[in-house]
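The values are calculated or read from the model by the stated rules, or taken from the named source; none is laboratory data. Just so we're clear, the structure is a prediction, and the values are computed from it rather than from any experiment. Cβ sites come from the backbone with ideal geometry, for glycine too, and all protein chains shown count toward neighbours. For the accessible areas, the whole protein counts, side chains as well, though only heavy atoms, and no ligand, DNA or RNA atoms are used. Shrake-Rupley method; radii C 1.70, N 1.55, O 1.52, S 1.80 Å.
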Amino acid sequence: MKTAAVSLAAIRRHAVSTQGYAPRFRRARAGEVEDTIRRLGAVQLDSISAVDRAHRLTLSSRIGAYPEKELQQLLVSGRVFEYWAHEACLLPIELWPHCRRTMEGGAHWRFHERAMREHGDLVEPVLERIRSEGPLGSRDFEGAGDGTSMWNWKPAKGVLEALWDNGVLVVAKREAFQRRYDLAERVIPRAILDAPVPDEDETLRTLALLAVRARGALTEPAIREHWRLKGGRARLRHHVLALVDEGLLREVAADDGGPPFYVDGEAELDGDPSPPVLLCPFDNLLWDRPLLERFFDFHHVIEVYKPERERAYGYYVLPLLAGDRILGRADLKADRAEGVLRVRRFHPEPRVRGNVTAKLERAAARLARVLGLEEVRHA
């Protein structure tokens, strides 16, 4: 049921608190990697390693330092899987059946379609090699690239990714962040693999509820953005309102007059402030730019893909969160050879008050320790 309007600040604090950022440096306990992926619903992947891989920054900001081999074991054993969600993400295995309709409904990208159309003759040879040799990466299929080898690198890579996209292959593990593909039937638990494909209504209902519980408070457009849902706006709204009627979600009006938020039906709004933490630019809290601007008056910019001359803040920039506010942006670089986390530039947000420097130092020191670096240096 609907409630009286509450302060946007209270809703913001609840959303921040739900993320569960660790209050201090810690080392993850066994099982926390899997539990956190399940709690967040999806953890975005990205290959840039200027500081650390995106999923490691997102997970470690919540559970602390953890061995990457634990995540690799989760992939190998089919406890989590990689697939498209907000972007390419780590997902809990329970969502596999809900992804099946997408897997069977056509390619995500045109180059997947083109690979299958133009190089369909490679499908069976690719699958046969994986059947006989076990998990393989695209490098295992590299040919001369001059048309003299069946394993021309680009066609083989395209076929591998297309077979992953349609669920025939899965990412069984990564080596130096390079995907190693195996047959889905050898990795995904049989009960999950054989489960019926849920109808679209069940999937929308499941995704809406999971997104809200993972993020604390979301508007209807933000639920869509969480999963990058396309089409079916009226159907999603129908299920969100049904979840409200059932008491699983609650609609909350904010005192800024904007669109209502949806929170867990038993949520108590407000929450504990976050410790100073440097957020991965692909962190779940940062996924929805309109919501960020409404909550924090913060315009999120990812400039890593821009030419250097066009960057206002730097190459790999991590927003600094403290309490329930974003205080600034730190352009960071992990210099592993020297054991140093370099703060190349820091841009405080306008109208920020208080000792921002102390908060930045605390957050940077903790991040350096998580990364196994000995000190923090400012350029």
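Within the span defined as the stretch 58-81, one or more residues are in a strand (DSSP E or B) and touching a Leu at 6+ places or on another chain (Cβ under 8 Å). With respect to (1) open to solvent by less than 70 Å² (accessible area, probe 1.4 Å); (2) touching a residue at least 40 places away in the same chain (Cβ under 8 Å); (3) not in a loop (DSSP other than H, G, I, E, B), the lone exception for PRO221 is condition (1).
Can you pull out every residue in the stretch 348-361 that is surrounded by fewer than 16 Cβ atoms within 10 Å (Cβ to Cβ) and in contact with a strand residue (DSSP E or B) (Cβ under 9 Å, 6 or more places away or on another chain)? Residues satisfying the conditions are PRO348, VAL352, GLY354, THR357, ALA358, GLU361. ARG329 meets each of the listed conditions (1) surrounded by 14 or more Cβ atoms within 10 Å (Cβ to Cβ); (2) of a type outside the set (Gly, Ala, Ser); (3) touching a helix residue (DSSP H, G or I) at 6+ places or on another chain (Cβ under 9 Å) apart from (3).
Only one entry of GLU104, GLU70 meets the criterion of being open to solvent by 20 Å² or more (accessible area, probe 1.4 Å) and closer than 19 Å to LEU229 by Cα, and that entry is GLU104. Look at the stretch 10-27: where a residue is under 12 Å from VAL263 (Cβ atoms) and a partner is of a type in the set (Lys, Arg) and at pLDDT 95 or above, sitting 6+ places away or on another chain with Cβ atoms under 7 Å, you get ALA15/ARG215; THR18/ARG215. Scanning the stretch 165-194 for residues that are farther than 10 Å from GLY137 by Cα, touching a residue at least 24 places away in the same chain (Cβ under 8 Å) and either in a helix (DSSP H, G or I) or of a type in the set (S, T, N, Q) (or both) turns up ASP165, ASN166, VAL187, ILE192, LEU193. Scanning the stretch 78-101 for residues that are open to solvent by 40 Å² or more (accessible area, probe 1.4 Å) and touching a helix residue (DSSP H, G or I) at 6+ places or on another chain (Cβ under 8 Å), which turns out nearest to VAL33 (Cα to Cα)? If we take residues in the stretch 78-101 being open to solvent by 40 Å² or more (accessible area, probe 1.4 Å) and touching a helix residue (DSSP H, G or I) at 6+ places or on another chain (Cβ under 8 Å), then ARG79 is nearest to VAL33 (Cα to Cα).
Each residue in the stretch 28-57 was checked for being in contact (Cβ under 8 Å) with a residue 60 or more places away in the chain and in a helix (DSSP H, G or I), and 4 pass.
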